[in-house]
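To start, the structure itself, in C-alpha cells.
The values are calculated or read from the model by the stated rules, or taken from the named source; none is laboratory data. All values reported here derive from a predicted model rather than from experimental measurement. Don't worry about glycine lacking a Cβ; one is built from the backbone with ideal geometry, like all the others, and counts go over all protein chains shown.
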Amino acid sequence: MRQCPICGHVLTGNERFCPVCGQALGVADRTPAPVLNTTINLTPTHNSRLAIASLIFGITTWILFFIPLLLAVPAIVCGHLGQGAIKRSNGTVVGNGLAMLGLGLGYAHIALTLVALCVAIAMVAS
C-alpha cells in the first residue's frame, strides 16, 4: 500500500499524480528493488577424467617420441571428448585447461611428425 509523500492519501493503483493534492509520484515508488541471486553452488566440482587422460597421453607422446601416432591420436580424441563433457556439465566438471593442453600436445606432435616425414621423403628422393 502506497501513500502520497505530501498529504498521506492512500493510493490504490498505479497513479502518476495524487488525486487529492496533485503531487507527482515518482516512478521509483512503483518499481520493486531488483532481486539478487544469492544462491551458492554447493555441488562439488571435479576435473574431467577425459581431460586428465588427454594430458597424460599428450605428455607421454612427447616422452616416447618414437611412437608418433599411437599416443597423439588418443590425446586429441580424449581432449575433444573432455571439452564436450565440461561444456555439458553446467559447471560441475572442470578441467578445460587440461583438455586444451592435451590437445595442443597431441596436435603439435602430429604436425611435427608430418614435417619430419616430409623432410625424410625429400631427403630420400634427392
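Whether any residue in the stretch 55-65 is over 32 Å from the mean Cα position of the chain (by Cα), in a loop (DSSP other than H, G, I, E, B) and either surrounded by fewer than 16 Cβ atoms within 10 Å (Cβ to Cβ) or in the same structural domain as P5 (by TED's automatic domain parsing) (or both) is what I want to check. Give the steps one after another, and end with the answer.
First pass over the stretch 55-65, keeping only residues over 32 Å from the mean Cα position of the chain (by Cα): 64-65.
If we keep only those that are in a loop (DSSP other than H, G, I, E, B) too, we end up with 64-65.
Keeping just the survivors that are either surrounded by fewer than 16 Cβ atoms within 10 Å (Cβ to Cβ) or in the same structural domain as P5 (by TED's automatic domain parsing) (or both) gives 64-65.
Yes, some residue in the stretch 55-65 is over 32 Å from the mean Cα position of the chain (by Cα), in a loop (DSSP other than H, G, I, E, B) and either surrounded by fewer than 16 Cβ atoms within 10 Å (Cβ to Cβ) or in the same structural domain as P5 (by TED's automatic domain parsing) (or both).
Which pairs have Cβ atoms under 6 Å, sit 6 or more apart or on different chains, and link a residue in the stretch 95-109 that is at positive phi to one that is in a helix (DSSP H, G or I)?
Between residues of the stretch 95-109 that are at positive phi and residues that are in a helix (DSSP H, G or I), the close pairs are G95/A51.
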